[in-house]
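Student: Right, I'll just put the structure down here and ask away after.
The values are calculated or read from the model by the stated rules, or taken from the named source; none is laboratory data. All of these numbers come straight from a predicted model, not from anything done at the bench. Cβ atoms come from the backbone with ideal geometry, glycine included; neighbour counts cover every protein chain shown.
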């Protein structure tokens, strides 16, 4: 043992220095690891905050789109109701005009076999029929235009739903 003690007496300062250095490196590694964990946690929290904000923005955008779509649908409903009311008024007017024209033809008496006489309706009956036909054609054209507009609006809104 004396050889061991002799060697130990010569190398003990080096062994002590190595032990202290090892402890310091271990302590330094622990501090670095803790610092890296703190940086990683902060980075993760930042990424989660960005993702949460992006999600909130998407939800807000969706709410705005839903509000706009609801307004457009409401406007379309009012426009459709208005078109239906216009159609009903036009149909009622056309029926009245046809009834008045029929009553005028019935009241004018029988058409003379010899040609137009003082009791015959002549050109006024024809002009009333032409007026009725023109009104009906105009009403039909307006219905077609309104239907085309409604189809275009529906086609524009459907992709947003």
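Student: Between a first residue in the range 1-16 that is at pLDDT below 75 and a second residue that is surrounded by 10 or more Cβ atoms within 10 Å (Cβ to Cβ), which pairs have beta carbons less than 9 Å apart while being 6 or more apart in sequence or on different chains?
Tutor: Listed by first residue and then by second, the contacts come to 8/15.
Student: With the structure loaded, tell me whether residue 48 is modelled with pLDDT of 80 or more and over 21 Å from residue 158 (Cβ atoms) or whether it fails that test.
Tutor: Against the criterion (modelled with pLDDT of 80 or more and over 21 Å from residue 158 (Cβ atoms)), residue 48 qualifies.
Student: Are any residues in the range 144-161 free of Cβ contacts under 8 Å to residues at least 12 places away in the same chain and closer than 21 Å to residue 66 by Cα, and if so, which ones?
Tutor: Result: 151, 152, 155, 156, 158, 159.
Student: Within the range 122-153, track down each residue that is modelled with pLDDT under 55 and in contact with a helix residue (DSSP H, G or I) (Cβ under 7 Å, 6 or more places away or on another chain).
Tutor: Matches in the range 122-153: 125 only.
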